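Before any comments, here is the structure.
The values are calculated or read from the model by the stated rules, or taken from the named source; none is laboratory data. Please read these numbers as outputs of a predicted model, since none were measured by experiment. Using ideal geometry, Cβ is built from the backbone for each residue, glycine included, and neighbour counts are taken over all protein chains shown. The protein model used for the area step is the full one, side chains on, heavy atoms only, and it has no ligands, DNA or RNA in it. Shrake-Rupley method; radii C 1.70, N 1.55, O 1.52, S 1.80 Å.
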Amino acid sequence: MTPVPLELPLRPSEASQLGNLILDQAERKPLTDEVRNRIAARGAVLHLATITPYFGSLERDPVHPSAYYLAVDGAQGEPLLLYLALATAPTSSIFYKPLLIGRTRRANGPEMVINAVPFGPSDRENLAKFAAQVNTAFLPRPQGSRTAIAVGSLQPQIGLPAAFAAFRAILKRTGKNLAATCVPPGDVSAADVCFAGLWAAIRAGWREGYSASARIDAVPESLPAFSSFSIEPARDLPFTPEAFDLAGAIYEFSPDEIAQLTARFAGGLKAACQLHETIRQRRSALKASRPFDLELALDGAGSFTTPKELLFCLHWLRNRGHAAQLVAPDLGSADEPAGNLDELAAVARHYQCTLSIRGRAGYGPAVLERIARTTASRLHYTIAGELASRPGYIEFVAEHLLG
């Protein structure tokens, strides 16, 4: 090994042990979760003092099969991405100017080279490169028809790794993937949440898919990798009087009702369409081909959302080519959701839309089980702020939503 510079964040000898283990177990075979778990089990006996490896993150270089990436923490807890490769493989073409950790000759093979680059929540360029060029499975995806619990932590670099640990435990116990993140109300930066979620997913080895949502009122200068954008409408739009038959319930709109709904929601729905179209165009210009969800946020209206209001908004958006995939009605601030939750869920289903519910501390087991029954377990349930930091709270909600 080369001499150890004082500024190195970890011991080259320990990095060499990791590299030998990975090359011994992963070379010339598909890199599966079974292989990662086997490496993790054998890595547990290495007694590393200056490296904390996250074996779930292990990936093979997309071009050079004898080169691997592994997320680790260094001696002082600094997050790093190791590049472990046989000397016959060139330096990573993805991450430039890495720090050389060491070169060593393997006991039963050719020389090995180990480099490192910073890989924390603030190292956005490195995180984006890893997700885009090494494995896109770590990028957020639209929620689709699955149930999700969206966690919005006020300290995302702490709360989101804990959330993915909880999602892993739920997946192992129930076989259900509930993973989602969101931007909590307050002064937390949307980009900070986005990249902290990506960082946490990579280190957790979360390739099963998760959604990431942000509530916006204008298109940001940059578009982080969110899979859902939540838009709150305001006022002014035309609507043709119609009668709607939804699961046996008839909804008719009089001219006066249409005028009232138009006065309340119109301009905001137009603005939502414009914002949605702008996001589409910006993502297309960036060659971001992955789809994303539109969430209609009605939960800031200050009064209970009625089924007619929900139908009016969803119908208007769909007819103009901007159908919402999620909708958040206002269910009130009490410890019990509005009594019309069944009707709201029926309207959402008619428009192939997932109901989005903001969790409250007062929602106990009976309320959560009612929500699960009403929505047929197709919902987006948000845990944000202080609730997101409660130990065991994600598991508690999941237990009663899944039954």
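A few remarks follow.
- Rounded to 5, the percent of DSSP beta bridges in the chain classed as antiparallel: 50 percent
- Under conditions of 25 °C and 0.890 mPa s, segment 28-183 yields 141 µm² s⁻¹ as its translational diffusion coefficient, taking Rh as the Kirkwood radius over Cα pairs in the Stokes-Einstein equation.
- Choice from 15, 40, 324 showing the highest fluctuation, given a GNM over the chain with Cα pairs closer than 10 Å: 40
- Amide H contacts of residue 357 (H built 1.01 Å from N, in plane; Pro and chain starts excluded): 380, 381, 382 sit under 5 Å, all sequence-distant by 5 or more or on other chains.
- Which labelled figure in [x] 279; [y] 147; [z] 180 is volume of the Cα convex hull per residue in Å³, once derived from the coordinates: [y]
- Residue of 329, 98, 255 that the Gaussian network model of the chain assigns the largest fluctuation, springs spanning Cα pairs under 10 Å: 255
- 5 angstrom amide H check on residue 244, placed H, neighbours 5+ away: 251, 252
- Considering only 202, 279, 231, the mean-square fluctuation computed in a Gaussian network model of the chain, springs between alpha carbons under 10 angstrom, is largest for 279.
- Extension gain, residue 280 to residue 338, is 17.5 nm, computed as 0.36 nm per intervening residue step minus the present C-alpha separation.
- Accessible surface of residue 389 - all protein chains present, 1.4 Å probe, nearest 10 Å²: 80 Å²
- Estimated vicinal HN-Hα couplings, Hz - segment 141-147 in sequence order (Karplus 6.51, -1.76, 1.60; Gly, Pro = x): 10, x, 5, x, 8, 7, 6
- In this structure, the amide hydrogen of residue 101, modeled 1.01 Å from its nitrogen in the peptide plane, lies closer than 5 angstrom to those of 114, 115, 116, counting only residues at least 5 positions away or on a different chain.
- 10 Å Cβ shell holding at most 15 others, DSSP loop, GluC sites (Glu not before Pro): longest site-free stretch of the chain: 28-207
- Two-decimal Rg/Rh across segment 285-403, once Rg and the Kirkwood Rh are taken from alpha-carbon atoms: 1.00
- Paired Rg and Dmax values of segment 118-182, which use every Cα atom, in angstrom: 13.1, 36
- Derived scalar couplings ³J(HN,Hα) [segment 10-19; Karplus, 6.51 cos²θ - 1.76 cosθ + 1.60; whole Hz; x for Gly, Pro]: 7, 7, x, 5, 6, 4, 5, 4, 4, x
- Calculated mean residue ellipticity at 222 nm for the chain: -11500 deg cm²/dmol, from DSSP H runs with n ≥ 4 weighted as -39500 (n - 2.57), summed, divided by the residue count and rounded to 500.
- Protein heavy-atom surface of segment 1-141, 1.4 angstrom probe: 53% of the accessible area is carbon and sulfur, with nucleic acids and ligands not counted.
- Residue-wise HN-Hα coupling along segment 149-164, computed from phi with Karplus coefficients 6.51, -1.76, 1.60 (Hz; x: Gly, Pro): 10, 8, 9, x, 8, 6, 10, x, 5, 9, x, 6, x, 5, 5, 5
- Site-free segments of the chain were taken between trypsin sites (Lys or Arg not before Pro) in DSSP loops having at most 13 other Cβ atoms within 10 Å, sites themselves excluded; the longest one is 29-286.
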